[in-house]
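Below is one structure, written out as structure tokens, with a few remarks after it.
The values are calculated or read from the model by the stated rules, or taken from the named source; none is laboratory data. Since this is a predicted model, take the numbers as computed values, not measurements. Reconstructed Cβ throughout: ideal geometry from the backbone, glycine too, with neighbour counts over all protein chains shown. For the accessible areas, the whole protein counts, side chains as well, though only heavy atoms, and no ligand, DNA or RNA atoms are used. Shrake-Rupley method; radii C 1.70, N 1.55, O 1.52, S 1.80 Å.
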Amino acid sequence: MPFEYVPNYYDFPREFRGYGENPPDFKWPNNAKIVINFVLNYEEGAENSIENGDPSSEMYIWEIPYVTHAGKRSYDCESDFEYGARAGVWRILRLFKKHGYKFTTFAVGKAFELLPDVPAAIKRDGHEIASHCYRWWDYSKLSPEEEKKIIIKNMESLKATTGEYPKGWYYARLSQHSRRLVYDVHQELGAPLLWMADAYADDLPYWMPVPRTTDAMLMVPYSYDCNDARFHQPTGWSSTDGFYKHIQYAFDTLYSEGCDGTPKIMTVALHARVVAKPGRFQALVKFMDYIKEKEGVWVATREEIAEHFKKVNPWVPPATPLAYGPDKP
């Protein structure tokens, strides 16, 4: 007997067509041939730990991945995350200041609360701050009611540490409710939601209609492949040069397509406790030097990308709401 899936209030339909065989040219500023968005994931201190009241230590994206300690503190894991706050984030900030580039921060609320010096420095240097939710852990097992409370908590947390509500969101370990809950909370708070990044479906931004409304959310896709987290994954980088060559090749492919008339976006994802380690940092240094030599490269925040995209390709509401799933939870 086949399983019959019935969409619920939190579901969004899948869409495979996209921009098709001939993607449009959205005319990036100054006729850029490629847009590069650097993302700094800042999670330090908000990961799973006994001290945070969790049942075990963190097991993802640290130097000895997939090792965890149930019921007791793991000082080695904790101190690896501390490296990102104590040393890594400052090394990254110095490099970006040197080049005059801006990045987007995926900020975990609790991590910003633990060390207010970090959001202060990120704001001082003009980088974008977006939400990475309040804790850096798996939200898939929470009820919608529990998750909504955490979303609101992070909205208020980031407003307290940065002075404003976040305009963009990236979860990573999201639930099936997360997309709709983020949309609903922003609507209820009257806070602009400029973009979301929990999507990997394209090399360009795209509109995602919100079921049972005539509204849409702008998806600015993220990247798991041009991502330093893969240093800590079995299928990832075994060397600094491996990471560098991968992001260089990704750039070359997209840059070539831009030169042929279809400019795209490239995301380079960073973690302060990963790429900012001295032995890996030269990959980022070399990549910045490499793109500096190219003409028509726009290094932009996701907010800048979204603002431009909305001007050249605004959402046109349909005459009737998208009929998918019930209209209430």
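Overview of values
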read-out	value
Per residue Cα convex hull volume in Å³ - calculated over segment 44-185	111
Rel. contact order, % - alpha carbon contacts under 8 angstrom, at least six apart, segment 82-177	30
Top positive-direction residue, dipole computed over the chain with Cβ charges, set Ile34, Tyr224, Tyr5	Ile34
Relative contact order for segment 1-87, counting Cα pairs under 8 Å that sit 6 or more residues apart, in percent	19
From the coordinates shown, P(r) over Cα pairs in 20 Å bins from 0, in percent corresponds to which of (i) 29, 57, 14, 0; (ii) 34, 59, 7, 0; (iii) 30, 59, 10, 0	(iii)
DSSP bridge pairs, segment 108-237: antiparallel proportion in percent, nearest 5	50
Prolate/oblate/rounded call for segment 1-64, Cα gyration tensor, a/c under 1.5 rounded	oblate
Pairwise FRET efficiency - Tyr5 versus Arg91, Cβ, R0 = 41 Å, nearest 0.05	0.30
Among Val312, Val297, Val274, residue whose mean-square fluctuation peaks in a GNM of the chain (springs only between Cα atoms under 10 Å)	Val312
Most fluctuating residue given options Thr162, Thr235, Thr301, as computed from a GNM of the chain linking Cα atoms under 10 Å	Thr235
Cross-link reach list, lysines versus Lys97, counting only Cα pairs under 26 Å and skipping chain neighbours closer than eight places	Lys33, Lys110, Lys123, Lys159, Lys167, Lys245, Lys264, Lys277, Lys286, Lys292, Lys294
Ordering of 115-122, 3-10, 319-326, 77-84 by burial proxy (mean other Cβ atoms within 10 Å per residue, highest first)	77-84, 115-122, 319-326, 3-10
Å² of accessible area per residue within segment 182-288, as computed with a 1.4 Å probe and no ligands counted	35
Mean Cα-pair separation over length for the chain, i.e. relative contact order, pairs under 8 Å, 6 or more apart, %	28
Accessible-area composition of segment 28-80, carbon plus sulfur, in percent [1.4 Å probe]	53
Accessible area expressed per residue, segment 1-97, with surrounding protein chains retained (probe 1.4 Å, Å²)	58
Glu293, Glu303, Glu44, Glu188, ranked by accessible area, largest first (probe 1.4 Å)	Glu293, Glu188, Glu303, Glu44
